[in-house]
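Below you'll find the structure, written out as structure tokens, and then a few comments.
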Amino acid sequence: MEYLIKSAVTATEITPSSGPAAELFSVGEKSPIAALAPSLALRAQAGSRGAPDEGAVRAATIVAEIADDIIAREILLDRAMGPNRRKKSSEKLRRGRRPSEGLAFIARDLTGAVVGTVRLWDVRLGEDGPAALLLGPLAVEPGMKSGGIGSALMRHAIAEAARLGHGAIVLVGDAPYYGRFGFSADRTGSLAMPGPYERHRLLALELKNGALDGAKGTIKAAGRKIKAPALGFVA
Ligand SMILES: CC(C)(COP(=O)(O)OP(=O)(O)OC[C@H]1O[C@@H](n2cnc3c(N)ncnc32)[C@H](O)[C@@H]1OP(=O)(O)O)[C@@H](O)C(=O)NCCC(=O)NCCS
């Protein structure tokens, strides 16, 4: 689904159109597509927490990540989450793997800069349990927080995961934030992460009814492995 801004200044004039799976949103104030994304208001200037400046209204687009985005995404993650981000137990499920096909997204601002990121990863819920997705990391450029980018990334990621036929998404995160997208710890009591984590922060969302039925055990990585570059010597 794509949303086009009619005017860069009049942030409320947003109309849906068909097209590639991208979501362009403006912004500065609540938009009429609030039912899909209730808080799409970006601050007019990065770092500003004040009212948007009409001359500087920004927009961001949610698009599929491409290889050229990787360095900017990693820099953004370091800035947003700090150096300990690589020690999280979720990282054990991601290391050496590729994200689930078609499920790596970034938010790009009007200049093309990467201002948000989210990816989903193939996992298995327990040894021979059902397939699911692990979501994360989700991060937004620190100076642009609370403008709706995180919510737009989440809604887009969930919608695409459902469209691609996945049954459930799990993540480790704050229920007060992820609860607004339907995640809860109600169905994760018999699941465990492969490393230290806070049990109440292991959350799940069913995309298909019953996808979490009977899910138990330690969550396993099931994603496509990154192929090591072939090493060769030129004679
Ligand atoms: C979490 C994060 C991705 C949210 O992105 P965002 O663009 O700021 O989010 P949105 O604008 O969609 O939503 C903002 C709202 O979420 C709330 N919120 C943000 N993080 C929250 C958290 N951890 N717990 C509860 N509420 C949270 C904000 O207070 C704000 O509330 P409001 O709508 O009532 O004003 C962003 O804050 C971020 O990058 N944080 C650092 C990295 C991180 O912690 N990632 C999540 C790992 S679990």
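Derivation of every value follows stated rules applied to the coordinates shown; laboratory data play no part. This one's a predicted model, so the numbers in the text were calculated from it and none came from an experiment. Quick reminder, even Gly has a Cβ in these numbers, built from the backbone with ideal geometry, and neighbours come from all protein chains shown.
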| Sites Lys216 and Lys145, calculated FRET efficiency, Cβ-Cβ separation with R0 30 Å, nearest 0.05 | 0.25
| note | HN-Hα couplings for segment 126-141 via Karplus (6.51, -1.76, 1.60; θ = phi - 60°), in whole Hz with x for Gly/Pro, come out as x, 3, 10, x, x, 6, 7, 10, 9, 9, x, x, 9, 8, 10, 3
| query | By how many nm would the segment from Glu101 to Asp68 grow when fully extended, if each residue of separation counts as 0.36 nm and the alpha-carbon distance is taken off? | reply | 10.2 nm
| said: Once you keep just the Cα pairs under 8 angstrom separated by 6 or more residues, what percentage relative contact order results for segment 65-221? | reply: 25 percent
| Length gained when the stretch His200-Lys225 is fully extended (0.36 nm per residue, less Cα-Cα span) | 6.1 nm
| Sorted by Cβ density within 10 Å, fewest first, the residues Asp109, Asp213 | Asp213, Asp109
| Estimated Rh, segment 60-206: Kirkwood, alpha-carbon pairs, angstrom | 15.5 Å
| Under 5 Å between amide H atoms, partner at least 5 residues away or on a different chain: which partners does Gly116 have, H built in plane at 1.01 Å? | Ala107, Glu141
| field | Where a label projected 7 Å from the Cα of Glu91 along Cα→Cβ would reach, residues of segment 202-228 with amide N under 18 Å | value | 221, 226
| query | In which sequence would Glu198, Glu91 go, from the one with the fewest C-beta neighbours within 10 Å to the one with the most? | reply | Glu198, Glu91
| query | Roughly what percent of Cα-Cα pairs across segment 77-161 reach past 22 Å? | reply | 29 percent
